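First up is the structure itself, then whatever we jot down about it.
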């Protein structure tokens, strides 16, 4: 295939050329005069499975002939017959061993990192050891570094690396994949030195960015019939600039640095790199422009001298479109519109971006036209149904089961999926609604039985629901685990519980948990973990849940449902081996292109350089190389969002360089070319605005419905009178429409709950102290408070906080209660103090409960109402909050049977908040009869069909949130608008 020679053999394929097509074209051209079976004797080593798949597809397309032997750089056992090694240590096993070490490190020095980062630290440590083996760096090089001038963190990391390395050396664990690969490459090179192969051996598509791969590439390039074919080689870069790429710290982020490093190791001059194929590049002018824009920072002065020599900038940028969208959503919609047009025009199109959020937004936008792109990355396993399910189940071991966690799992599509899934869903809905009505923050067996009886009472045959609740109790309750346990036990319990929940009440039937590609992948992860669990040591429930999250997030599911063959989404690596008519480079902002290097907790940048490890700039250089290849396609879109969800973004450094270069070439029409690129993008942004445009609908007016008298409420509670005054629409919605707000699923320790508990505490204490005056003391009050809160407040933190608040006001309350009981005695409390008053002429009934009514020896009544918040002021009571005034009038009219008609001498709110206070009702200024007369007038007006129930008529503050504000469409109007009456029939 090749002419014999002493010089290493290296070829290149220019950016923009379809690399697999060019590779095949060059192979066929060089073997054109050879026998047909010559192709079968070629060893072709490529860097990705996708590259191999595409090459085979191209060979299958014809003409008929033999296939070369296509191997991956990770399949070197097959490269030289007889040269192999034992299998590598499983990756998970090595990581679990390191997890135990890192766990001990975090116990000894908890300030280094939170416990939740245990697996992430172990993973980064394993990656560091892999990299050290791949680059041929011994751990002694790291432990020998002088870190005296650095912080103590790096000294601890250095010491720990030595401990971890010594530990791994003492284990019988086989070499991991990177170590094995390097050993295998050394053996292959040794074999070749003794018996060099005489058949062609070609490595194609790799940049040689990793040490082991670069070592193999250098050996192949020196074989008698060996060659390297480099992707995206910049033939436009001048030789003198090429020579200036030697400085690692200054040039490693350049797209051609890895090639320079590789070729320098082969003692080859720049001119020795020849073109592999005669295929033309889509635009030689654009390649030259991009090459100049990407010059290393120290030599960008070449823009001034070489910029004017560039060929036509108009032709170079003719196929470029620049989208600078205001938001990520607009960017995604613009991309989706262009991909849709590509489908209509029969073009193949690819979106290339490392931004997975952008790809999800584009996929969602394409769904409106029933276009499913072929996404090479697939779906993260932890976001798939089995992944979420397994994470939720692992969470049951971590913490006490709450209603939200229970309902989340009950409503998961994989729960109870073996049979009778429809009945399970129905029962889950019944349980949820009953929990919302009655409240069950932390389900237990007694609580579920109580809830079940409430839901079953509404059914003709409750046996199915009650049997299902028995299954729920047996399956989900009491799964919390304390302390550390062997990892193998966690995995076994996790699998058993997951399968039990998935099977439901028919454990003998197979569930949907392990089905389809996502289920198969999840099962593979769990089986892999189970097989290596013996190396994981002991873990807590939290550690195990974090481990599961990390393992599942590392997996991907490529579950394709007949994607569109011409619309692709690629990562930057896949873009090297594919070709498309239209290429869209999306998310061109710093942080995405290039991605920010991940933090290294073990070695800083200077330490890495000193020991010969890869610098963070390596990732940037590889991204730059991917960018240089992709932007050379026939038609290219460059897209970015000016703002993210949080702040303004920074354009990608490569986009900035291109814009700055064009702006400076005024004589060559650079600014005009840049303006044309933006103009083409502006057209598509206008298309997005047209797509998103909606006909403006006039906002709804401020409602004031006027239902007929028959639909108006004829019965209200005393506490609802305040709502009738402030927000009449809420009364209309509750009583006329009979709508009730749905309570939250998770009952939180909010003010209403606290108020209910404080009322019960005070009632119990006052009753007890009335029966036995010796109990009228702070100690007894705190005993009652502790007991009530323990039984009825299932939130430990809130319970302690509320108990502390009661203790702060206990002395004041006991003192005031001693004074009150000195001249009166309690006769009725909330549950018994139920009162009614009928306005016979209106046919209206008023009901109410008094927190407490006392009687003096002279027969006068005293009314008290407990408030855990700020009691209403005198003016508020006169105008809005008339609860005590109305109750006083009801007592004087004999509305409370426990008290009978009595003169009300005093009524007061007892404030039990941060500053305890007693606020009396203005009985002298608002006598009971006047209060009843005013109430009669108010009720009569709202029974008049001409009176509307205005929304938010007189709320106390603008931030008041009513239960029915959404129904009233508050927000489309505000309090400055006059209400619009609407007659209802």
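The values are calculated or read from the model by the stated rules, or taken from the named source; none is laboratory data. Given the structure is predicted, the values throughout are model-derived calculations rather than measurements. Here the Cβ positions follow ideal geometry from the backbone for every residue, glycine too, while neighbour counts run over all protein chains shown.
Every residue, every condition in (1) closer than 24 Å to residue 442 by Cα; (2) surrounded by fewer than 18 Cβ atoms within 10 Å (Cβ to Cβ), yes or no:
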residue	(1), (2)
491	no, no
501	yes, no
519	no, no
525	no, no
528	no, yes
533	no, no
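Taking first residues from the stretch 97-112 that are closer than 16 Å to residue 486 by Cα and partners that are surrounded by 18 or more Cβ atoms within 10 Å (Cβ to Cβ) and at pLDDT below 80, the Cβ contacts under 6 Å between residues at least 6 apart in sequence or on separate chains come to 101/164. Residues that are within 39 Å of the chain's Cα centre (by Cα) and surrounded by fewer than 16 Cβ atoms within 10 Å (Cβ to Cβ) within the stretch 249-280 comprise just one, 249.
If I ask for residues that are part of a loop (DSSP other than H, G, I, E, B) and free of Cβ contacts under 8 Å to residues at least 24 places away in the same chain, which ones from the stretch 795-804 would you list?
If the condition is that a residue be part of a loop (DSSP other than H, G, I, E, B) and free of Cβ contacts under 8 Å to residues at least 24 places away in the same chain, then no residue fits.
Candidates 788, 838, 827, 758: the one that is in a helix (DSSP H, G or I) and under 28 Å from residue 905 (Cα atoms) is 758. Is it the case that some residue within the stretch 670-689 is out of contact with any helix residue (DSSP H, G or I) (no Cβ under 6 Å at 6 or more places or on another chain), farther than 30 Å from residue 946 by Cα and assigned to a loop (DSSP other than H, G, I, E, B)? Scanning the stretch 670-689, I find no residue that is out of contact with any helix residue (DSSP H, G or I) (no Cβ under 6 Å at 6 or more places or on another chain), farther than 30 Å from residue 946 by Cα and assigned to a loop (DSSP other than H, G, I, E, B), so the answer is no.
Looking at the stretch 700-707, can you tell me whether even one residue there is more than 30 Å from residue 433 (Cβ to Cβ) and part of a helix (DSSP H, G or I)? Among the residues of the stretch 700-707, not one is more than 30 Å from residue 433 (Cβ to Cβ) and part of a helix (DSSP H, G or I), which makes the answer no.
When the residues of the stretch 61-76 are narrowed to those that are at pLDDT below 90 and surrounded by fewer than 15 Cβ atoms within 10 Å (Cβ to Cβ), which ends up nearest to residue 182 (Cα to Cα)? Step by step, filter the stretch 61-76, then rank; the result is 74. Would you list the helices (runs of 4 or more DSSP H) that sit entirely within the stretch 203-301 and hold 1 or more residues that are outside the structural domain of residue 632 (by TED's automatic domain parsing) and free of Cβ contacts under 8 Å to residues at least 24 places away in the same chain? Answer list for the stretch 203-301: 239-243, 257-265.
Under the condition of being touching a helix residue (DSSP H, G or I) at 6+ places or on another chain (Cβ under 9 Å), over 18 Å from residue 912 (Cα atoms) and at pLDDT 90 or above, which residue from the stretch 849-875 is surrounded by the most Cβ atoms within 10 Å (Cβ to Cβ)? Of everything passing the filter in the stretch 849-875, 861 is surrounded by the most Cβ atoms within 10 Å (Cβ to Cβ).
Confirm whether residue 639 is assigned to a helix (DSSP H, G or I) and either closer than 27 Å to residue 247 by Cα or at pLDDT 90 or above (or both).
No; evaluated as a whole, the condition is false for this residue.
Where helices (runs of 4 or more DSSP H) sit wholly within the stretch 852-942, those with at least 1 residues that are more than 25 Å from residue 841 (Cα to Cα) occupy 874-879.
Would a scan of the stretch 111-131 turn up a residue that is part of a helix (DSSP H, G or I), over 34 Å from the mean Cα position of the chain (by Cα) and modelled with pLDDT under 80? No: the stretch 111-131 contains no residue that is part of a helix (DSSP H, G or I), over 34 Å from the mean Cα position of the chain (by Cα) and modelled with pLDDT under 80. Residues in the stretch 307-318 that are in a helix (DSSP H, G or I) and surrounded by 18 or more Cβ atoms within 10 Å (Cβ to Cβ): 307, 313, 316, 317. When we screen 876, 925, 892 for residues that are closer than 18 Å to residue 720 by Cα and not assigned by TED's automatic domain parsing to the domain that holds residue 727, the only hit is 876. Restricting attention to the stretch 191-202, the residues that are in a helix (DSSP H, G or I) and surrounded by fewer than 19 Cβ atoms within 10 Å (Cβ to Cβ) total 3. Count of the stretch 735-794 residues, restricted to those that are under 30 Å from residue 709 (Cβ atoms), free of Cβ contacts under 8 Å to residues at least 60 places away in the same chain and within 36 Å of the chain's Cα centre (by Cα), is 1.
Here's the yes/no breakdown for (1) assigned to a loop (DSSP other than H, G, I, E, B); (2) touching a strand residue (DSSP E or B) at 6+ places or on another chain (Cβ under 7 Å):
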{"site": "542", "(1), (2)": "no, no"}
{"site": "563", "(1), (2)": "yes, yes"}
{"site": "583", "(1), (2)": "no, yes"}
{"site": "600", "(1), (2)": "yes, no"}
{"site": "609", "(1), (2)": "no, no"}
{"site": "614", "(1), (2)": "yes, no"}
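Yes or no: the stretch 28-41 includes at least one residue that is surrounded by 17 or more Cβ atoms within 10 Å (Cβ to Cβ), under 47 Å from the mean Cα position of the chain (by Cα), part of a helix (DSSP H, G or I) and outside the structural domain of residue 629 (by TED's automatic domain parsing). Checked the stretch 28-41: no residue is surrounded by 17 or more Cβ atoms within 10 Å (Cβ to Cβ), under 47 Å from the mean Cα position of the chain (by Cα), part of a helix (DSSP H, G or I) and outside the structural domain of residue 629 (by TED's automatic domain parsing). With respect to residue 752, is the statement that it is on the phi < 0 side of the Ramachandran plot and outside any helix (DSSP H, G or I) true? Answer is no for this residue.
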